[in-house]
Amino acid sequence: MGRWEGPTQGQKHVHVLQTANEPGRTVDAARCEWNAQSPDRAGARVAHLNRTLFTFTLLLWLPVLAFAKPAAARPAAKKPEPVKVDKALVKRCADPKRKDTRECVQLRASQKGPDAKGKAKEDKPVAKGEKSKESKKSAKDDDDKPKALSAKEKKQIAALKSTCADKKKAKSAQCKKFFADEKERADAAEHAKTRKLCADKKNAKSAQCKKFLASEKKKSQTVSVCGRKYGIAKKNEKVGSFARRYRVAEGTLRSWNAIGTAAKLKGGKRYLVYKSPHDGVTLKGGVLLEGDDEHFIIQRPQRGWGKPILVDAIRLGVHATQRQSPLLPHLIVGDLSKEGGGCLPPHKSHRGGVDADVGMYFRGAHQRKWLGPATPDTLDADRTWQLLRAFLSTGRLQYAFIDYSLHQPLYEAGLRAGEPEEHLKAWFQWPRPFENAHETIIRHLSGHDNHMHVRFTCDNEETCALPDDAKLRLEHARIEMLGSVAREPNRPRAALHRQGTPAVSAAMP
């Protein structure tokens with residue numbers, strides 16, 4: 001057999017062919033050199049070329065990749081949540097009277113689904129105290145549109161209409177009321193129609209719309225912030241009928257508006273029909289109540305003017321209360337009167353320097369800057385009762401308006417301080433009903449859960465000073481005298497009177 005021997009290093013390719021017949025015979029391979037190279041060496045050269053090209057390309061793109069910004073990830077689309085339908089709201093909106101309210105309009109919009117573009121309309125957040133344009137428009141439309149009648153009311157009106165068509169029954173009280181209601185509904189419908197017509201800028205300059213807008217402006221001026229109300233006279237309206245319409249005595253109407261002996265009023269003119277009981281009250285000899293950070297502060301110092309009796313009672317009473325607990329938060333005092341007195345919006349009173357809005361004490365160590373609402377849980381009833389008892393000890397407190405929900409905590413604080421129960425029953429409206437308030441001093445009035453409205457009476461209207469004995473009681477006040485925190489609950493007050501202190505005995509009403 002023959003064998004193949006490869007070349008050694010430095011030699012030419014020599015193929016030695018040995019056969020069985022002629023062993024050792026050599027054949028020069030130079031004549032039969034291969035033009036093609038081996039497959040292994042060809043693949044290595046191709047791989048080397050590819051690596052070189054890749055390195056060159058990477059060097060070219062490296063600066064571009066270094067300064068390129070990464071592409072923002074596209075958020076995954078959220079699946080729309082199923083709309084929850086309030087069955088109670090759907091039932092309410094089935095009523096024709098409620099179909100134009102805001103909540104019902106929104107319900108119908110949510111039931112229709114997305115708008116024409118396929119995107120659901122999002123409600124923009126509305127700031128606190130503001131109304132969106134849609135809500136204002138819907139509220140305005142609700143005021144303009146006459147109230148829709150139910151099916152039952154329509155049947156009743158149809159029955160009354162057929163009954164009152166008879167001339168004999170037309171003069172009955174029932175038919176007269178029916179005709180008045182029909183006229184009122186017709187006027188409301190006409191008013192809404194005219195208002196809608198004049199809302200267009202093109203029609204606003206017409207004579208009809210000018211007259212309508214002028215009457216609307218006069219109607220808006222019929223109520224004054226200082227407790228005065230006005231009425232608009234109709235064309236050729238008599239004084240008596242105008243007085244009956246606004247429920248005012250004819251003589252009073254003539255004196256307030258200087259009408260004289262005229263029988264008729266001028267149509268479209270405004271006339272005074274109501275005056276506050278405090279109308280015309282001013283403050284003479286007023287004193288400014290000056291607060292301090294140690295005992296109390298005035299919320300609005302420019303409204304801190306009052307009669308000497310009011311200023312001294314607040315100053316001495318608060319000082320006596322704060323002396324017993326100097327480390328606890330001090331008091332906030334609201335409005336008294338302005339300098340010179342007179343109308344002080346939004347108050348109906350606070351004109352003569354004898355009314356004041358005095359704050360209440362709260363539990364905890366946090367000092368408030370403004371009057372805030374109190375509850376039976378947040379009210380420091382013991383300290384508030386001590387201040388209230390100081391006002392009562394002067395013998396000049398006419399009344400104190402406090403929300404009914406705070407009466408019971410203050411009543412119980414008085415019991416803890418040892419106040420006789422018969423005194424508390426005479427002072428507090430609680431537990432009497434709301435209507436039974438005029439026979440007590442501490443009465444309920446809504447809107448007085450963040451302060452107590454106190455009023456003092458004067459012996460002499462010119463000086464209106466706090467009596468010396470009352471001032472002495474406040475200056476030498478003690479916890480036992482004023483009725484504040486006592487360690488022994490329901491301690492009898494008889495022992496205090498046996499002590500023989502003049503101030504204590506004089507403090508009792």
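The values are calculated or read from the model by the stated rules, or taken from the named source; none is laboratory data. Here the structure is a predicted model, which means the values were calculated and not measured. Quick reminder, even Gly has a Cβ in these numbers, built from the backbone with ideal geometry, and neighbours come from all protein chains shown.
Among the helices (runs of 4 or more DSSP H) confined to the stretch 403-509, the ones with at least 1 residues that are small (Gly, Ala, Ser), at pLDDT below 85 and more than 28 Å from Gly352 (Cα to Cα) are located at 494-497, 502-507.
Looking at Asp357, Asp335, Asp312, just one residue is within 24 Å of the chain's Cα centre (by Cα), outside any loop (DSSP other than H, G, I, E, B) and surrounded by fewer than 24 Cβ atoms within 10 Å (Cβ to Cβ), and that residue is Asp357.
Scanning the stretch 297-309 for residues that are touching a helix residue (DSSP H, G or I) at 6+ places or on another chain (Cβ under 9 Å) and either modelled with pLDDT under 90 or part of a helix (DSSP H, G or I) (or both) gives a single hit, Ile309. Restricting the stretch 441-455 to residues that are of a type in the set (A, V, I, L, M, F, W, C) and under 13 Å from Leu388 (Cβ atoms) leaves a set whose member that is farthest from the chain's Cα centre (by Cα) is Ile441. Among the residues making up the stretch 195-211, a single one is within 19 Å of Gly268 (Cα to Cα) and under 34 Å from the mean Cα position of the chain (by Cα): Arg195.
Sort out which residues of the stretch 250-265 are surrounded by 13 or more Cβ atoms within 10 Å (Cβ to Cβ) and within 30 Å of Leu213 (Cβ to Cβ), and write them in order of number. Correct list: Leu253, Trp256, Asn257, Ile259, Lys264, Leu265.
Residue-wise test of (1) of a type in the set (D, E, K, R); (2) more than 26 Å from Leu472 (Cα to Cα).
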residue	(1), (2)
Arg383	yes, no
Arg389	yes, no
Ser393	no, no
His407	no, yes
Ala417	no, no
His423	no, no
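Note on the stretch 276-294: residues that are within 22 Å of Arg368 (Cβ to Cβ) and surrounded by fewer than 19 Cβ atoms within 10 Å (Cβ to Cβ) amount to 4. Among the residues of the stretch 368-398, write down those that are surrounded by fewer than 20 Cβ atoms within 10 Å (Cβ to Cβ) and either more than 13 Å from Val358 (Cα to Cα) or at pLDDT 90 or above (or both). Correct list: Arg368, Lys369, Thr375, Pro376, Asp377, Thr378, Gly395, Gln398.
Is it true that Ala233 is under 28 Å from Val281 (Cβ atoms) and either at pLDDT 85 or above or not assigned by TED's automatic domain parsing to the domain that holds Gly268 (or both)? Against the criterion (under 28 Å from Val281 (Cβ atoms) and either at pLDDT 85 or above or not assigned by TED's automatic domain parsing to the domain that holds Gly268 (or both)), Ala233 does not qualify. Here Tyr271 meets each of (1) without any contact (Cβ under 8 Å) to a residue 40 or more places away in the chain; (2) over 27 Å from Thr457 (Cβ atoms); (3) not in a helix (DSSP H, G or I) with one exception, condition (1).
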